[in-house]
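Heads up: the structure comes next, in structure tokens.
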Amino acid sequence: MNILVVEDEQKVAAFLKDGLENQGYNVDVAFDGYTGEKVAANKKFDVILLDVVLPVVNGIDLCRKIKALSPEIPILMLTALGTTDDKLAGFDSGADDYLVKPFEFKELVARIKVLTKRSRPSDHGNFVPTILQVGDLKLDLDRKVALRGDKVISLTAKEFSLLEYLMRNKGKVVSRNDISQNVWDLNFDTGTNVVEVYVNILRKKVDKDFTSKLIQTRIGLGYVIQES
């Protein structure tokens, strides 16, 4: 499995390279965003570890560029920028996960395994499609495509993750805390309305033009996705 580490601090990059190679991964390192972009474009990687504060091209812009060319490649941001706004900026740029420095190396390895699990081939060497469905809404986890009937719904990476979480819990009421922990991996802050904002955006995309409303609010409890 090939991993690209884009990290300008050479000691951190060396630590990640050595540790991941000891876990059996093949690791390439780039020390600035421009080089990272070129390396990512010329070699196939199973996951990319990306710092946010980088020389030449910053991590947010680099993430967008990589995802525009190869949306199937999981990107895990590693950065000291740990506020809610920082994390949302990372997710909005297309990142699949976000880990704040300093972190436990074993947690990094665990997250890499989660990110790459879906893209691994079956024992026969063929990719097994994974489709979630609620009513006429379908979510193709392998192709990263959402469909309502025959209409393609355009979603950001984080909107896709939120919809996936709701659909995996079809018919079950999930709280704001559940969503915060499982979709953003944020420590729940009762003063933030991040979850509400994203659910409303998702509701407009998924339900607005359709008679049947799938994403429903349970006042004081949370949200549920199910057929009306």
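The values are calculated or read from the model by the stated rules, or taken from the named source; none is laboratory data. Model, not experiment: these values are computed from the prediction. With ideal geometry, Cβ positions are generated from the backbone for all residues, glycine too; neighbour counts draw on all protein chains shown.
The listed residues are Leu20, Leu4, and the only one of them that is of a type in the set (A, V, I, L, M) and at pLDDT below 95 turns out to be Leu20.
Count of the range 54-70 residues, restricted to those that are modelled with pLDDT under 90 and surrounded by 14 or more Cβ atoms within 10 Å (Cβ to Cβ), is 2.
A search for C-beta distances below 6 Å between a residue of the range 94-109 that is in contact (Cβ under 8 Å) with a residue 60 or more places away in the chain and aliphatic (A, V, I, L, M) and any residue that is part of a helix (DSSP H, G or I) and surrounded by 12 or more Cβ atoms within 10 Å (Cβ to Cβ), counting only pairs 6+ apart in sequence or on different chains, returns Ala95/Cys63. Residue count for the range 135-159, restricted to those that are surrounded by 19 or more Cβ atoms within 10 Å (Cβ to Cβ) and of a type in the set (S, T, N, Q): 0. The conditions of being of a type in the set (Lys, Arg) and modelled with pLDDT of 90 or more are not met by Lys101. Within the range 135-159, being assigned to a helix (DSSP H, G or I) and touching a strand residue (DSSP E or B) at 6+ places or on another chain (Cβ under 7 Å) holds for no residue. Taken together, Gly36, Gly82 contain a single residue that is within 21 Å of the chain's Cα centre (by Cα), farther than 24 Å from Lys117 by Cα and not β-branched (Val, Ile, Thr), which is Gly82.
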